[in-house]
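Read-outs throughout are calculated quantities, based only on the coordinates presented, and are distinct from any laboratory measurement. Since we're looking at a predicted model, the values are computed, not measured. Every residue, glycine among them, receives a Cβ derived from its backbone with ideal geometry; neighbour counts consider all protein chains shown.
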């Protein structure tokens, strides 16, 4: 049985192509590179920024947030999937089949759905008042049952 040998080297300077050539000739291959640099430690704080919560977008007046219909539809689909006790992988697959994309334009993964769970908890009471939620839940369960 073969085993993998690993070493970690602290570099004293920038490695040359000859250095890499020698290592490769000895059977080594690079598996990670760690970069570092010095920065100006002026103590100036980074500009404060925060991502717009999922389901909302910046309004035309640039001073308020308004509902994003496409993202709200994703939230509703995830709610429905959770009520129907679907797996996150199944919810992600169905979002992709329905043509929904993540904010970055990619396909939905179970991790993407999982990452939205705190947002669903936050937005749930606003999306569905108690009576409306009970009715929607019953309708979903009846449709499956």
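Table for the structure above
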read-out: Residues being surrounded by fewer than 12 Cβ atoms within 10 Å (Cβ to Cβ) and more than 12 Å from the chain's Cα centre (by Cα) - total across the stretch 95-128; value: 7
read-out: Matching entry among 85, 80 (being surrounded by 11 or more Cβ atoms within 10 Å (Cβ to Cβ) and over 18 Å from the mean Cα position of the chain (by Cα)); value: 80
